[in-house]
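Chemist: Below is the structure I would like to discuss, written out as structure tokens.
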Amino acid sequence: MTAHATPAAQPEPRAHPGVVSADDRGLQRRGRDLLFAVATALRSLQLYPLENQTVVSALAELDAVTQDLLSVEEQITVRFVGDFFFVNDLRLRVDLQSYATYGTVGRALSRHGIGELEVFRGATVPEWTALLALVNADPDPEDRFGAFLERLGRTAVLHLAVGADRESEPDLRDEESRRMAKRAYAQTVAVAREVMGGMRMGKGVSMRPVKRAVQSIVDQVLSNETSIVGLTTLRDYDEYTFTHSVNVCIFSVALGKKLGLHKHQLYELGLGALLHDVGKARMPLDLINKSGPLTQEEFRVLQEHPTEGLLSMFDMRGLAELPLRAMLMAYEHHMKVDQTGYPVSARPRDPTLFGRIVAVADAFDAATTKRS
């Protein structure tokens with residue numbers, strides 16, 4: 001995952017149609033290599049078991065091609081429109097050899113209503129294996145793209161994402177869209193409850209279900225924003241701590257979307273937003289649930305939860321996969337831009353963009369919720 005804290009820069013305009021730049025020639029070659037590698041890996045997975053050397057070699061080649069492309073492009077967006085493929089908005093040239101290969105990949109994706117594939121830095125061979133296995137599987141005849149997304153959400157794939165083709169764009173209106181949003185919301189509340197409960201009891205917390213939950217929230221905000229944001233108004237007083245974390249995640253991702261962050265940055269933003277209050281798991285329960293005003297001493301204790309949140313994240317399993325940015329969001333969400341909040345910094349510093357986004361989302365949800 002990327003580590004930039006600013007909105008994604010707008011892509012440089014491609015050269016005039018009559019002029020082929022060196023960058024475009026390089027992207028043409030790398031894009032072609034990527035689609036050829038995807039086609040080979042798909043075919044190998046159809047014919048042989050995972051441990052077969054042909055499959056191993058095909059996936060290794062796909063990984064090498066992906067890493068080569070990501071070494072010059074921050075992310076890869078492959079779109080399939082009609083008979084043409086576009087890689088980061090550059091249309092790939094078609095010749096006799098590539099026509100059949102592109103058609104193979106296009107038909108494989110179209111079976112599931114997929115019109116777009118995104119690849120982010122950090123993509124691994126196991127992630128490619130899981131995604132391509134789903135592409136090779138039979139599609140759901142009643143809901144091709146929706147069923148594929150649901151299956152993908154049950155995997156550990158975090159650096160690959162798919163988008164619907166124009167003909168399969170969410171036909172999910174009304175009841176179906178609300179049903180999918182409710183499921184994502186309920187699953188994320190359950191994950192937040194598990195994380196906070198596990199940390200309060202001193203248990204290790206796995207990052208895998210957390211990341212899956214955040215992925216589902218990001219997907220909902222991007223494709224079904226009205227329904228998922230609407231669920232933030234359904235308050236559950238008894239589960240305020242957990243629903244608040246989920247609401248802050250949703251509001252933060254929605255705000256990040258408006259600011260132009262790309263999907264990979266939204267994952268990181270959503271991850272930190274969901275975990276922003278984990279430090280409260282180290283606070284006394286009677287203090288968290290107190291129904292009256294806090295005393296000065298009680299408020300002083302509560303002000304330690306951003307620091308405790310930062311420290312507690314070091315105890316999470318999968319730390320190597322937990323971005324530093326998520327830790328900073330937990331630490332900064334009460335700091336305020338003018339440094340009048342807490343914790344008090346020993347030296348002047350500017351909160352990160354993501355920390356400021358979570359601070360806005362946190363304050364908004366707190367101000368619009370009846371709580372203790």
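The values are calculated or read from the model by the stated rules, or taken from the named source; none is laboratory data. This structure is a prediction, so every number in the text was calculated from the model and none was measured. Note that we place each Cβ from the backbone using ideal geometry, even for glycine, and neighbour counts take in every protein chain shown.
Chemist: When only residues in the range 80-90 that are exposed (fewer than 15 other Cβ atoms within 10 Å of the Cβ) and assigned to a strand (DSSP E or B) count, which is farthest from the chain's Cα centre (by Cα)? Lay out the reasoning, then the answer.
Modeler: Of the range 80-90, the ones exposed (fewer than 15 other Cβ atoms within 10 Å of the Cβ) are 81-84, 89.
Now restrict to residues that are assigned to a strand (DSSP E or B): 81, 84.
Numbers: VAL81: 25, PHE84: 27 Å.
In this case the residue turns out to be PHE84.
Chemist: Of the residues that make up the range 340-354, is at least one basic (Lys, Arg), farther than 30 Å from ALA123 by Cβ and exposed (fewer than 14 other Cβ atoms within 10 Å of the Cβ)?
Modeler: Looking for residues that are basic (Lys, Arg), farther than 30 Å from ALA123 by Cβ and exposed (fewer than 14 other Cβ atoms within 10 Å of the Cβ), one finds at least one in the range 340-354, hence yes.
Chemist: Another question, if that's okay. Taking the criterion of being in contact with a strand residue (DSSP E or B) (Cβ under 9 Å, 6 or more places away or on another chain) and modelled with pLDDT of 85 or more, would at least one residue in the range 219-240 satisfy it?
Modeler: Just the residues of the range 219-240 that are in contact with a strand residue (DSSP E or B) (Cβ under 9 Å, 6 or more places away or on another chain), to begin with: 219, 222-223.
Still in the list and also modelled with pLDDT of 85 or more: 219, 222.
The answer is yes, given that some residue of the range 219-240 is in contact with a strand residue (DSSP E or B) (Cβ under 9 Å, 6 or more places away or on another chain) and modelled with pLDDT of 85 or more.
Chemist: Looking at the range 27-56 only, could you name the residues that are touching a residue at least 12 places away in the same chain (Cβ under 8 Å) and either not hydrophobic (A, V, I, L, M, F, W, C) or not assigned by TED's automatic domain parsing to the domain that holds THR101 (or both)?
Modeler: Within the range 27-56, GLN28, ARG30, GLY31, ARG32, ASP33, THR40, ARG43, SER44, GLN46 qualify.
Chemist: For the range 99-131, enumerate the residues that are of a type in the set (Val, Ile, Thr) and over 16 Å from the mean Cα position of the chain (by Cα).
Modeler: Restricting attention to the range 99-131, the residues satisfying the condition of being of a type in the set (Val, Ile, Thr) are 101, 104-105, 114, 119, 124-125, 129.
Within the range 99-131, THR101, THR104, VAL105, ILE114, VAL125, THR129 qualify.
Chemist: Here is a check on your reading of the model: is THR155 part of a loop (DSSP other than H, G, I, E, B) and of a type outside the set (Asp, Glu)? Can you show your working first?
Modeler: Values: part of a loop (DSSP other than H, G, I, E, B): yes; of a type outside the set (Asp, Glu): yes.
Considered against the rule, which asks whether it is part of a loop (DSSP other than H, G, I, E, B) and of a type outside the set (Asp, Glu), THR155 comes out as yes.
Chemist: Run GLU297 past the list (1) loosely packed, with under 14 Cβ neighbours inside 10 Å; (2) modelled with pLDDT under 90 and report the number of the one that doesn't hold.
Modeler: (2)
Chemist: I would also like to ask the following. State whether the residues of the range 110-132 include one that is farther than 22 Å from ARG43 by Cβ and without any contact (Cβ under 8 Å) to a residue 12 or more places away in the chain.
Modeler: Looking for residues that are farther than 22 Å from ARG43 by Cβ and without any contact (Cβ under 8 Å) to a residue 12 or more places away in the chain, one finds none in the range 110-132, hence no.
Chemist: Moving on. Among (1) among the hydroxyl-bearing types (Ser, Thr, Tyr); (2) assigned by TED's automatic domain parsing to the domain that holds ASN224; (3) surrounded by fewer than 21 Cβ atoms within 10 Å (Cβ to Cβ), there is one condition THR188 misses while meeting the rest; what is its number?
Modeler: (3)
Chemist: Tell me, please, whether a residue that is outside the structural domain of HIS264 (by TED's automatic domain parsing) and touching a Gly at 6+ places or on another chain (Cβ under 7 Å) can be found in the range 119-126. Even if it seems obvious, please write down each step before you answer.
Modeler: Of the range 119-126, the ones outside the structural domain of HIS264 (by TED's automatic domain parsing) are 119-126.
So of that shortlist, the ones also touching a Gly at 6+ places or on another chain (Cβ under 7 Å) come out as none.
Scanning the range 119-126 turns up no residue that is outside the structural domain of HIS264 (by TED's automatic domain parsing) and touching a Gly at 6+ places or on another chain (Cβ under 7 Å).
Chemist: How do the pairs read when you match residues in the range 348-372 that are of a type in the set (S, T, N, Q) with residues anywhere that are in a loop (DSSP other than H, G, I, E, B), using Cβ under 8 Å and keeping only pairs 6 or more apart or on different chains?
Modeler: THR352/ALA5; THR369/ARG235; SER372/ASN289; SER372/LYS290; SER372/SER291
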